Amino acid sequence: MMRKFIFLTGGAKRIGKVTCNDFHKQGYDVIFHYNQSFEEAKEIQDKFNKIREDSCFIIQADFNNPDSIQKLQEKIAQITNNLDVLINNASSFYPTPLENASVGEWSDLMNTNATAPLFLTQALLPFLKNAKGSVINISDTLAPSGIKNFSLYAGAKSALEGITKSLAKELAPEIRVNAISPGAILWPEDEDLTEEQKQERLKKVALGRIGKPEDISSLAVFLSSADYITGQVIKVDGGRSVI
């Protein structure tokens with residue numbers, strides 16, 4: 001039986017970690033990228049390899065380094081030349097009020113949220129073609145309509161959605177390209193929100209509750225085999241976008 005491979009960026013924590021787990025349960029061999037979270041990445045790798053020998057590989061890269069894409073491509077080539085799924089999940093996220101926003105912040109937010117997904121897809125195209133694979137980009141449900149004090153981040157995610165639709169046209173019929181657009185799935189790690197603040201935010205969500213990482217990972221698993229879906233940006237936001 002031919003091995004199925006997935007490569008995911010930002011796989012050591014949060015949604016990325018859960019997505020790696022779900023694909024591994026589906027029988028995929030998992031290759032994932034991390035930047036600074038080596039201990040968390042190694043723990044996941046050890047866990048997966050205990051379940052199934054040589055089924056998980058981890059690669060470090062910083063997307064602010066211009067050599068990072070080539071480095072990832074070379075490391076993946078040492079493992080496989082077939083890639084069934086590429087998930088561009090890694091993301092920088094922080095407020096950048098316009099008065100103090102910098103070119104460095106713009107570069108960082110664009111690198112992780114748009115530049116890396118675009119050029120990783122380019123670098124891994126032969127691998128994806130070999131497996132007739134698909135690409136899944138992770139966007140943000142609020143980005144297209146704008147986010148106050150997050151204009152740089154919103155711009156980068158909006159670029160990612162445009163890239164998704166353009167590549168879906170360009171890479172068809174061999175490769176499908178879609179995006180998942182999460183809403184409130186996990187509370188931000190760098191915000192110490194009070195219960196009152198959380199409830200205030202949830203008033204803007206039709207379902208009145210925060211989502212789970214599994215809400216994203218299960219859709220990613222579905223899209224990986226949904227052979228007649230491409231060029232779509234699918235919102236998973238509990239109805240946030242319709243209120």
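What is the Cα radius of gyration of the stretch 66-114 over 2.2 N^0.38 Å, N being its residue count? Against the empirical 2.2 N^0.38 Å value, I get 1.56 for the stretch 66-114. Summarising the amide proton neighbourhood of residue 59: residues at separation of 5 or more, or on other chains, whose placed amide H is nearer than 5 Å comprise 32, 33, 34.
Using a 1.4 Å probe, how large is the accessible area of residue 106, given in Å² and rounded to the nearest 10? Roll a 1.4 Å probe over it and residue 106 shows about 110 Å². In the stretch 1-69, Cα pairs under 8 Å separated by at least six residues give a relative contact order of 30 percent.
Too long at a 23 Å Cα-Cα cut-off: which of 47/132; 13/129; 47/157; 204/235? Long pairs (Cα-Cα over 23 Å): 47/132; 13/129; 47/157. Considering only 233, 85, 205, the Gaussian network model of the chain with Cα springs below 10 Å gives its largest mean-square fluctuation to 205. Taking every protein chain into account, the 1.4 Å probe leaves residue 118 with about 60 Å² of accessible area, to the nearest ten.
As a fraction of the 1.4 Å probe accessible area of the stretch 56-174, surface on carbon and sulfur atoms comes out at 52 percent. With contacts taken as Cα pairs under 8 Å at a separation of at least 6 residues, the chain carries a relative contact order of 19 percent. Note on the chain: Cα Rg divided by 2.2 N^0.38 Å, N the number of residues, gives 0.98.
The residues of the stretch 1-66 expose, per residue, 54 Å² of accessible area to a 1.4 Å probe. Dipole orientation for the stretch 62-129: of the candidates 70, 101, 126, 126 has the Cα lying most toward the positive pole (charges on Cβ; Lys, Arg +1; Asp, Glu -1). Dividing the summed -39500 (n - 2.57) terms of all DSSP H runs of n ≥ 4 by the residue count of the chain sets its mean residue ellipticity at 222 nm at -12500 deg cm²/dmol. Residues in the stretch 168-231 average 61 Å² of solvent-accessible surface per residue, probe 1.4 Å, ligands and nucleic acids excluded.
Accessible area per residue was computed with a 1.4 Å probe on protein heavy atoms; residue 201 scores about 100 Å². Can you list the DSSP H helices in the chain whose Cα atoms extend at least 18 Å along the helix axis and whose mean Kyte-Doolittle hydropathy is -0.5 or higher? For the chain, where a helix must reach 18 Å along its axis and average at least -0.5, the hits are 151-171, 213-225.
The values are calculated or read from the model by the stated rules, or taken from the named source; none is laboratory data. If you're wondering where the values come from, they're calculated on a predicted model, not measured in any experiment. Positions of Cβ are backbone-derived with ideal geometry, glycine not excepted, and every protein chain shown enters the neighbour counts. Just so you know, the surface numbers come from the protein's heavy atoms only, side chains and all, with ligands and any DNA or RNA stripped out. Shrake-Rupley method; radii C 1.70, N 1.55, O 1.52, S 1.80 Å.
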